[in-house]
Amino acid sequence: MSGTSEGPTPAADHRSAVTESDTIYRSVFTAAALAMAVVDRDGLVLRANDGFGALFCRAPEALSGRVAADLVDLASDPRTWQAYHEVLGGREARLRCTRRLKRPDGQAVWAQITVTALPGQTGGVLLSVTDISASHELQARLRHSQMHDPVTRLPNRTLFFERLTSALDADPYGGTGRIGLCYLDLDGFKAINDTLGHRVGDRLLAAVAERLRRCAEEAGHARPAAPLVARLGGDEFALLVEDSTGTEQLADLAESVLKAVQAPFDLDGRRLSVSASIGVVERLAAGTTPTALMQAADTTLYWAKADGMDRWTLFDPERNAHRMTRQALASTLRPAVERGEFVLEYQPLVGMADGRVRGVEALVRWHHPEFGVLAPNRFIQLAEEDGSIVQLGRWVLRTACRQARRWQLDHPGDPLFVSVNVAVRQVWDSDLVADVAETLAETGLSPHLLQLELTESAVMGSAGRPLEALQALSDMGVGIAIDDFGTGYSNLAYLSRLPVSVLKLDGAFVRGFQYEGDGATAEAAGAPAPNPADEVVVEAMIQLAHRLGLTVTAECVETSAQAARLRRIGCDTGQGWLYSRPVPPDRIPGLLGQRARGGDQVVGNP
C-alpha cells in the first residue's frame with residue numbers, strides 16, 4: 001500500500017537492546033569501585049576495570065593478556081588452584097578465598113578474591129578483588145587480644161595450646177621430631193600478692209615475664225626459633241621448645257630461668273624476691289598428646305616443689321610410674337577390704353632367755369590382683385591418708401584375735417599373745433576402745449593375749465582422747481607396746497606416765513650388734529666395725545625400761561651375734577629373720593613348744 005511507512009523490525013529492536021545492555025554493562029564494569037577483571041578460559045585477563053588497574057598500579061589496558069592467577073596468587077595453594085580450574089572449566093560456579101597481595105609500590109593488601117563463572121558459550125570468569133585490609137587488621141587485633149594475657153602481654157593458655165598442638169602435629173621429618181617444655185610457677189608469689197595487693201602482684205608478674213622473654217631470646221640464638229613463652233594463669237608460666245635437641249638444651253634453659261627469677265625485683269621502690277620451681281619434660285613428639293605432655297610437666301613441677309622449691313626437676317618415668325601405681329592403689333584400697341584381698345601373716349616374738357615363742361606380730365599383706373603381694377609399706381600410709389585405715393584396722397584386729405583364740409583353744413598349754421599394729425588415726429577417727437572390747441567379746445580371746453602396738457611419735461606427748469583410750473585399754477588388760485622406739489622423742493621419763501608395758505627397739509639399734517669382736521669379722525663381711533657406744537646406749541635403755549616395769553623387744557634380729565649380745569645386756573624378747581620370717585597362720589603351731597639351742601638358733605624359718 002502506497003504512502004505507508006514501516007517501523008523497526010523485532011530483530012532490529014533486539015540488536016538495539018543488546019547493544020544498549022552491553023554499553024550499560026561496560027559502563028558499570030569500568031566505573032565500579034570494586035576491582036574486577038574478565039578472564040578467559042585460558043586464565044588470561046581480557047579486560048580489567050580502573051579499580052583492578054589501581055590495585056596493581058597499572059593502567060587497565062596494561063593488564064590485558066596477563067595470567068590472572070599470578071596477579072592474585074591463586075597458584076600458591078594446591079587446593080585453591082584446583083578449585084580455580086574447576087570454575088574456569090565451567091564445572092563449578094564460584095570460588096572465594098583470601099590472599100595477602102604485594103602491590104608493585106611495596107604496600108601489602110589483604111584481599112578477598114571471588115571468581116564467578118560467566119554465562120554463555122564463550123565462557124570465562126569474572127574475577128573480583130575486595131580490599132579487606134581494615135577488617136583483617138581489626139580481626140587480627142581482636143585475635144591478639146583474645147590470645148594474649150593483658151598483664152604480661154605474653155601468649156595466653158589458649159594460644160599456648162594452639163601452638164603446642166600444632167608442634168605435635170608437625171611433620172616429624174622437618175626437624176628433630178622432639179619437643180621440650182619448662183613449666184614453672186613462682187615460689188612466694190601468693191604472699192606478695194596477698195600482703196602488697198594485686199597491683200604490685202601484677203607488676204611483678206610483668207617483670208618476671210620480661211625476664212623470661214630475655215631467657216627465651218638468648219636460648220633462641222643460633223637456632224631456627226626461640227622458645228615460646230606463655231602465661232598459663234596465676235603465677236604459672238611455660239616455655240615451649242619446638243624441635244628440641246635433647247634434655248641438655250632444656251636443662252640449660254631451666255637453669256637460666258632459675259637464675260633470672262632469683263635476682264631481686266625493684267618495683268616502686270620495693271625490693272622483692274621470689275624464686276621459681278620448674279618441671280622439665282623433653283621427649284619425642286610422636287605419640288605424645290598435649291594432655292600427656294602437660295600431665296608430665298605438672299607432675300614434675302610438683303616434684304620440684306616437694307623437693308624443696310627453687311629448683312628444676314627433670315621428668316622421671318620410673319618415679320612417675322611409682323606415683324601412678326600409688327594413685328591406682330589409693331583408688332582401690334577401700335573396695336579391696338570388702339573384696340577380701342588382704343591376708344595376715346605372723347612373725348614370732350621369741351624369749352631371749354629360753355628361745356621359746358611367746359607371741360606373734362600380725363602383719364597385713366595385700367594380695368593385689370594387678371601388682372601381686374604388697375607389704376604394708378606400700379599401702380598403710382595411703383590408708384592413713386584417705387581414712388580407710390579405720391576399716392582396714394578393724395578387719396586386722398578381728399582377724400588376728402579370731403586366729404589367736406583358735407591357737408588358744410588348740411594349744412591351751414602354750415598361751416600365745418598376738419600383737420596388732422594400730423595407727424594414730426584409728427584412735428582419733430574411731431572408738432578404738434569399743435572396737436577392741438567388741439572384738440574380744442565376739443572372739444572370746446582373753447585381753448592379756450592381745451597387745452596393741454603404736455609408734456613412738458603417736459604415743460609420746462599423748463593427751464586428751466588418745467591418753468584416755470590407752471588408759472582404758474590398759475585397764476581392760478590389753479598390753480600396750482611402743483613400736484620403733486628410739487626413732488622419735490625417746491623420752492623414757494615420760495613413759496612412767498603412760499600405760500605402756502613393752503618397748504620395741506627400732507632395728508637401727510640392733511644392726512650395730514651384728515658382729516662380735518674387734519671389727520675384723522665386720523671388715524671381712526664388708527660392714528662397718530661395731531661401735532661400743534651402741535651397746536652402752538641400748539643397755540642403758542633396757543635397764544631404765546626395766547626399772548619402769550617395762551619389757552623390751554628387739555626388732556630386726558638377724559644374726560646369732562646380735563642375739564647373744566642382746567641377751568647379755570638383758571633384752572627380754574627378740575623378733576627377726578634369725579627366728580622366722582612372717583609366715584601364714586598354719587605355720588605357727590609348728591613353732592610352739594620349740595626351743596632354739598642356746599636361745600639364739602632359728603626356730604622356724606620357711
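The values are calculated or read from the model by the stated rules, or taken from the named source; none is laboratory data. Bear in mind the structure is a predicted one, so any value in this text is a computation, not a measurement. A quick note on method: Cβ atoms are made from the backbone with ideal geometry, for glycine too, and the neighbour counts reach across all protein chains shown.
The set of residues in the range 115-146 being in contact with a strand residue (DSSP E or B) (Cβ under 6 Å, 6 or more places away or on another chain) and either in a helix (DSSP H, G or I) or of a type in the set (Phe, Trp, Tyr) (or both) consists of Ser133, His136. Of everything in the range 328-339 that is more than 15 Å from Glu370 (Cα to Cα) and not β-branched (Val, Ile, Thr), the residue that is surrounded by the fewest Cβ atoms within 10 Å (Cβ to Cβ) is Glu338.
Contact map, the range 367-387: residues that are more than 21 Å from Tyr346 (Cα to Cα) paired with residues that are surrounded by fewer than 12 Cβ atoms within 10 Å (Cβ to Cβ) and not acidic (Asp, Glu), Cβ distance under 7 Å, separation 6+ or inter-chain. No pairs are found. Against the conditions (1) part of a helix (DSSP H, G or I); (2) over 24 Å from Gly177 (Cα atoms), Leu232 satisfies every one except (1). Residues of the range 97-153 that are of a type outside the set (Gly, Ala, Ser) and on the phi > 0 side of the Ramachandran plot: Arg153 alone. Only one of the numbered conditions (1) surrounded by fewer than 16 Cβ atoms within 10 Å (Cβ to Cβ); (2) touching a strand residue (DSSP E or B) at 6+ places or on another chain (Cβ under 8 Å); (3) among the hydrophobic types (A, V, I, L, M, F, W, C) is not met by Ala306, and that is (2). The set of residues from the range 39-82 being over 14 Å from Leu126 (Cβ atoms) and acidic (Asp, Glu) comprises Asp42, Asp50, Glu61, Asp70, Asp73, Asp77. Number of residues in the range 230-252 that are more than 21 Å from the chain's Cα centre (by Cα) and at negative phi equals 6.
Say whether the condition of being at pLDDT 90 or above and small (Gly, Ala, Ser) is met by at least one residue in the range 580-598. Taking every residue of the range 580-598 in turn, at least one turns out to be at pLDDT 90 or above and small (Gly, Ala, Ser).
Pairing each residue of the range 411-439 that is over 14 Å from Gly393 (Cα atoms) and at pLDDT 90 or above with any residue that is among the polar types (S, T, N, Q) and crowded, with 17+ Cβ neighbours inside 10 Å, provided the two are 6+ apart or on different chains, yields C-beta distances under 8 Å for Leu416/Gln408; Phe417/Gln451; Val418/Gln403; Val418/Gln451.
Note on the range 405-434: among residues that are of a type in the set (D, E, K, R) and under 20 Å from Val343 (Cα atoms), the one that is surrounded by the most Cβ atoms within 10 Å (Cβ to Cβ) is Arg405.
When Asp131, Asp105 are screened for being more than 22 Å from Arg41 (Cα to Cα) and exposed (fewer than 10 other Cβ atoms within 10 Å of the Cβ), only Asp105 passes. For Asp298, the test of being acidic (Asp, Glu) and over 17 Å from the mean Cα position of the chain (by Cα) is failed.
Looking across the range 187-213 at every residue that is more than 14 Å from Asp268 (Cβ to Cβ) and at pLDDT 95 or above, the one that is surrounded by the most Cβ atoms within 10 Å (Cβ to Cβ) is identified as Leu212. Return the residues of the range 213-248 that are over 23 Å from Glu162 (Cβ atoms) and touching a residue at least 24 places away in the same chain (Cβ under 8 Å); say none if nothing qualifies. Passing the criteria: Arg214, Glu218, Thr245, Gly246, Thr247.
Entry remark, the range 255-265: residues being in contact with a strand residue (DSSP E or B) (Cβ under 8 Å, 6 or more places away or on another chain) and either surrounded by fewer than 15 Cβ atoms within 10 Å (Cβ to Cβ) or in a helix (DSSP H, G or I) (or both) number 6 in total. Scanning the range 364-378 for residues being acidic (Asp, Glu) and touching a strand residue (DSSP E or B) at 6+ places or on another chain (Cβ under 7 Å) gives a total of 0.
Among the residues of the range 334-352, the ones that are at pLDDT 90 or above and either of a type in the set (Val, Ile, Thr) or over 16 Å from Arg587 (Cα atoms) (or both) come to 10 in all. Figure legend. Inter-residue proximity from the range 197-212: first residues over 25 Å from Leu240 (Cβ atoms), second residues buried (at least 17 other Cβ atoms within 10 Å of the Cβ) and of a type in the set (Val, Ile, Thr), beta-carbon distance below 9 Å, spacing 6+ or different chains. Indicated pairs: Val200/Ile192.
From the list Phe371, Phe342, the lone residue that is in the same structural domain as Lys504 (by TED's automatic domain parsing), aromatic (Phe, Trp, Tyr) and within 30 Å of Ala292 (Cα to Cα) is Phe371.
If you scan the range 542-559, which residues turn out to be farther than 16 Å from Arg358 by Cα, in contact with a Gly (Cβ under 8 Å, 6 or more places away or on another chain) and outside any loop (DSSP other than H, G, I, E, B)? If the condition is that a residue be farther than 16 Å from Arg358 by Cα, in contact with a Gly (Cβ under 8 Å, 6 or more places away or on another chain) and outside any loop (DSSP other than H, G, I, E, B), then Ile542, Gln543, His546 are the ones that fit. For the range 395-402, the criterion of being over 16 Å from Leu416 (Cα atoms), in contact with a strand residue (DSSP E or B) (Cβ under 9 Å, 6 or more places away or on another chain) and in the same structural domain as Trp577 (by TED's automatic domain parsing) is satisfied by at least one residue.
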